[in-house]
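The values are calculated or read from the model by the stated rules, or taken from the named source; none is laboratory data. Every value quoted in this text rests on a predicted model; they were computed, and no experiment measured them. Methodologically, a virtual Cβ is constructed for each residue, glycine included, from the backbone with ideal geometry; neighbour enumeration extends over all protein chains shown. Areas reflect the complete protein model, heavy atoms only, side chains present, ligands, DNA and RNA absent. Shrake-Rupley method; radii C 1.70, N 1.55, O 1.52, S 1.80 Å.
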Amino acid sequence: MKNAKYFLERAKKVIPGGVNSPVRAFGSVGGTPRFIKRAKGAYLYDEDENCYLDFVGSWGPMILGHSHDEVIRRVQDACQRGLSFGAATAAEVEMAELVCELVPSIELVRMVNSGTEAVMSAIRVARGFTGRDKIIKFSGCYHGHSDGLLVQAGSGVMTAGVPDSLGVPVGCTKDTLSARYNDLDSVKAHFSRCPEEIAAVIVEPVAANMGVVLPEEGFLEGLRKLCDAYGALLIFDEVITGFRLAIDGAQGYYGVTPDLTTFGKIIGGGMPVGAYGGKRQIMEMVAPLGSVYQAGTLSGNPVAMAAGMAQLTILKEHPQYYRELNEKGDRFFGNIERLLRETGHPWKVNHVGSLGCLYFTKQDVKDYESAKNSDTELFAKFHNHMLEQGIYLAPSQFEAVFLSLAHTEEMLGKVLEAITIFLQKI
């Protein structure tokens, strides 16, 4: 029988650990990764045609739901014209124009192939523009797997219990300074020690790789002021929050303007895409205009651009979608909080709009240290229970739950029923 175990055993013979990304492994929850065959709307179907209500959404980009008819149509049309040219296309121009229109802080934007590449490139631009080397990041914030940023990272690194990574030379991280999320004093301390050496502060405006940790009042505004005071750039990593909390991302949602912004797969409708952009005078440092080199043979891939244009155009033309989705998220995560209170369980729920996380800890979660207090063994039991109930969650305590426009109130009610059963069992 060609079930998940069958495919995993085959995969282990040719792929490290049987998966092409550690976040797909079930190491922290036990069991076998599901091998997905197809998806539609809010549902995933594995190789055995088991159906799961999906709350991963390809790690965020499926805000319209899987296989949206218009997105698929646009992709099919693009495929008929060719998969890749290695040359400039009109689709790249249209996509760049749309991003600049939707996100006021971006005047020039460069397409790349992943969020990791976008962040790596944005930091290089910040260093080139300022003539400085050091950057400040926050413990528990994940900005991709480039060498200089695998320092107290979140996401899959956090799940695996590996604080950094082998294979990263000490010299690659000597200019990376770690601060505490939601703690402006820890940022001020770095600036005080290195007032003329810090090129940029990079932050997830909503930290969504150690679960979901919201910025406390004044935190993002404080980062903006500190960067201005010391001549550093502020980079918002909106790989997760971009075009999800609002059409102009977390920066529009919270009203704080960064100098540079990075995006991920949501701008490609789920295809492998990334982008970075910002103020004209900064982005003019990028080759061929400037001397900061960055290139990508497949950047701006026409099929990916078609998918991204379709999704972003739909969101632009239906501004009410964000209100509906955020209100749906408030109800859903609010109902989980109410259920926990009524059943006498002290666990915490963090959420903003359609992003949320249930932490198995009694302590409020506001940074990396408090997130790590979560009971990961209890989460593993919860994950396996939900999977048995046909509900697909990320296999880690430290990942987000993503809602989509395809999730109905009836579907969300089934999730609450499944959580109720779990609470009765433990």
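Here are the numbers for the structure shown:
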| read-out | value |
| --- | --- |
| The range 85-105, residues that are assigned to a loop (DSSP other than H, G, I, E, B) and either within 26 Å of G57 (Cα to Cα) or charged (D, E, K, R) (or both) | V103 |
| Single match in L393, L412, L423, L387 (criterion: open to solvent by less than 30 Å² (accessible area, probe 1.4 Å), over 23 Å from the mean Cα position of the chain (by Cα), of a type in the set (A, V, I, L, M) and at pLDDT 95 or above) | L423 |
| Members of the range 185-209 found to be in contact with a Ser or Thr (Cβ under 9 Å, 6 or more places away or on another chain) and within 16 Å of A250 (Cβ to Cβ), listed by number | I202, E204, P205, V206, A208, N209 |
| Given (1) farther than 30 Å from K279 by Cα; (2) open to solvent by 60 Å² or more (accessible area, probe 1.4 Å); (3) assigned to a loop (DSSP other than H, G, I, E, B), index of the condition Q76 fails | (3) |
| Selection count, the range 117-137, where residues are under 20 Å from the mean Cα position of the chain (by Cα), open to solvent by less than 30 Å² (accessible area, probe 1.4 Å) and more than 17 Å from Q281 (Cα to Cα) | 4 |
| Residue match in the range 55-69 (condition: at pLDDT below 90 and under 20 Å from the mean Cα position of the chain (by Cα)) | no |
| Members of the range 287-310 found to be among the polar types (S, T, N, Q), farther than 16 Å from L83 by Cβ and touching a Lys or Arg at 6+ places or on another chain (Cβ under 9 Å), listed by number | Q294 |
| Tally of residues being open to solvent by less than 20 Å² (accessible area, probe 1.4 Å) and either part of a loop (DSSP other than H, G, I, E, B) or out of contact with any helix residue (DSSP H, G or I) (no Cβ under 9 Å at 6 or more places or on another chain) (or both) across the range 269-293 | 3 |
| Among the candidates I235, I247, residue that is buried (at least 17 other Cβ atoms within 10 Å of the Cβ), touching a Leu at 6+ places or on another chain (Cβ under 8 Å), part of a loop (DSSP other than H, G, I, E, B) and of a type outside the set (D, E, K, R) | I247 |
| Yes/no for L8 being closer than 26 Å to S114 by Cα and either in a loop (DSSP other than H, G, I, E, B) or touching a strand residue (DSSP E or B) at 6+ places or on another chain (Cβ under 6 Å) (or both) | no |
| Hits in the range 294-344 - residues which are open to solvent by 80 Å² or more (accessible area, probe 1.4 Å), farther than 30 Å from L416 by Cα and free of Cβ contacts under 8 Å to residues at least 60 places away in the same chain | E317 |
| Residue that is farther than 24 Å from V273 by Cβ, modelled with pLDDT of 95 or more and open to solvent by 20 Å² or more (accessible area, probe 1.4 Å), where the choices are L184, L177, L166 | L184 |
| Conditions (1) open to solvent by less than 40 Å² (accessible area, probe 1.4 Å); (2) free of Cβ contacts under 8 Å to residues at least 24 places away in the same chain; number of the one not met by S404 | (2) |
| Which numbered condition T89 fails, given (1) more than 24 Å from the chain's Cα centre (by Cα); (2) farther than 19 Å from L312 by Cα; (3) polar (S, T, N, Q) | (2) |
| Top-ranked residue in the range 250-268 [being open to solvent by less than 10 Å² (accessible area, probe 1.4 Å) and of a type in the set (G, A, S); ranked as nearest to the chain's Cα centre (by Cα)] | G264 |
| Verdict on V112 being touching a helix residue (DSSP H, G or I) at 6+ places or on another chain (Cβ under 9 Å) and modelled with pLDDT of 95 or more | yes |
| Where a residue in the range 77-100 is of a type in the set (A, V, I, L, M, F, W, C) and its partner, wherever it lies, is open to solvent by 30 Å² or more (accessible area, probe 1.4 Å) and assigned to a loop (DSSP other than H, G, I, E, B), with Cβ under 7 Å and at least six apart | C100/E107 |
